[in-house]
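The values are calculated or read from the model by the stated rules, or taken from the named source; none is laboratory data. In this text, all values refer to a predicted model and were calculated from it rather than measured experimentally. Glycine also receives a Cβ, built like all others from the backbone with ideal geometry; neighbour counts cover every protein chain displayed.
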Amino acid sequence: MSKVVEAKNEYREFKRKVSPAEIESAEKYIKDHALSISPMSFLFVSMQMRRLGFEGIPYRDRKTFKGWKAEGLYVKRGEKSQISGITWVGVGETDEQEADYKMPHVYYLFHRSQVAA
């Protein structure tokens with residue numbers, strides 16, 4: 001099974017289990033800390049971080065390779081991403097019309113402990 005299919009299935013299972021109260025709490029946190037992410041993405045990454053025993057805040061202590069590079073840091077040689085995020089990208093989307101179909105796009109995140117200056 002491909003990583004995209006695995007992430008998509010994990011996300012679907014996660015989505016069934018998340019409660020409205022958890023979504024509301026994530027929305028408040030995102031707003032209070034001026035993050036630019038969806039509540040579901042925030043909760044999905046949070047769940048994976050807890051499961052793996054990582055401390056921190058998603059998208060502050062977990063970023064993509066390019067996200068760390070933009071901050072002047074780099075991922076240490078040999079480090080592997082253990083957490084994935086998923087976003088849905090519209091196919092054929094234009095400014096005037098919403099996409100008829102959305103495809104999953106999986107991205108990989110590295111923890112602060114996996115980077116150096």
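Is at least one residue of segment 86-105 modelled with pLDDT of 80 or more and of a type in the set (D, E, K, R)? No, that holds for no residue.
Of the residues making up segment 41-69, those that are surrounded by fewer than 19 Cβ atoms within 10 Å (Cβ to Cβ) and among the aliphatic types (A, V, I, L, M) number 3.
Specify the residue that is nearest to Thr87 (Cα to Cα); the eligible residues are those in segment 20-33 that are more than 16 Å from the chain's Cα centre (by Cα) and among the small types (Gly, Ala, Ser). Checked segment 20-33; the qualifying residue nearest to Thr87 (Cα to Cα) is Ser25.
Answer yes or no as to whether Ser84 is surrounded by fewer than 13 Cβ atoms within 10 Å (Cβ to Cβ) and among the polar types (S, T, N, Q). So Ser84 does not fit the description; no. Could you check, for segment 67-78, whether at least one of its residues is modelled with pLDDT under 90, out of contact with any strand residue (DSSP E or B) (no Cβ under 7 Å at 6 or more places or on another chain) and of a type outside the set (Gly, Ala, Ser)? Scanning segment 67-78 turns up no residue that is modelled with pLDDT under 90, out of contact with any strand residue (DSSP E or B) (no Cβ under 7 Å at 6 or more places or on another chain) and of a type outside the set (Gly, Ala, Ser). Picking from residues in segment 73-94 that are free of Cβ contacts under 8 Å to residues at least 12 places away in the same chain and not polar (S, T, N, Q), the one that is nearest to Leu109 (Cα to Cα) is Lys80. A single member of Val45, Val18, Val5 is without any contact (Cβ under 8 Å) to a residue 24 or more places away in the chain and of a type in the set (Val, Ile, Thr), and it is Val5.
Can you tell me which residues in segment 59-73 are of a type outside the set (A, V, I, L, M) and on the phi < 0 side of the Ramachandran plot? Selection gives Arg60, Asp61, Arg62, Lys63, Thr64, Phe65, Lys66, Gly67, Trp68, Lys69, Glu71. One residue alone among Tyr29, Tyr11 is farther than 21 Å from Trp88 by Cα, surrounded by 10 or more Cβ atoms within 10 Å (Cβ to Cβ) and among the hydroxyl-bearing types (Ser, Thr, Tyr), and that residue is Tyr29.
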